[in-house]
Amino acid sequence: MLDDEPVVQAVKGLKMEKPTAEQLAELKRLSAIARVPDESEIVTSKEEAEIRIRDLKDKARME
């Protein structure tokens, strides 16, 4: 059963923590600065939020 890919992905999904309110607010703020669509509604984990925040900070520096 643990070799079944859908089961493995479901278990991984249970382990992921949801993004914090602070992370979502930071994503919204940085999206406006970087002039990109706000994707805070579709971020599903703290890890993904941190990656997007880092990328948006880099993009905002370029603007």
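The values are calculated or read from the model by the stated rules, or taken from the named source; none is laboratory data. Note that the structure is a prediction, hence the values are computed from the model and not measured. We place every Cβ from the backbone using ideal geometry, glycine too, and count neighbours over all the protein chains shown.
Every listed requirement among (1) in a helix (DSSP H, G or I); (2) modelled with pLDDT of 90 or more is met by K59 save one, (2). Within the range 21-33, being touching a residue at least 24 places away in the same chain (Cβ under 8 Å) and closer than 11 Å to I53 by Cβ holds for Q23, L24, E26, L27, L30, S31. Does the range 18-38 contain any residue that is touching a Ser or Thr at 6+ places or on another chain (Cβ under 9 Å), on the phi < 0 side of the Ramachandran plot, surrounded by 10 or more Cβ atoms within 10 Å (Cβ to Cβ) and modelled with pLDDT under 90? The answer is no, given that none of the residues of the range 18-38 is touching a Ser or Thr at 6+ places or on another chain (Cβ under 9 Å), on the phi < 0 side of the Ramachandran plot, surrounded by 10 or more Cβ atoms within 10 Å (Cβ to Cβ) and modelled with pLDDT under 90.
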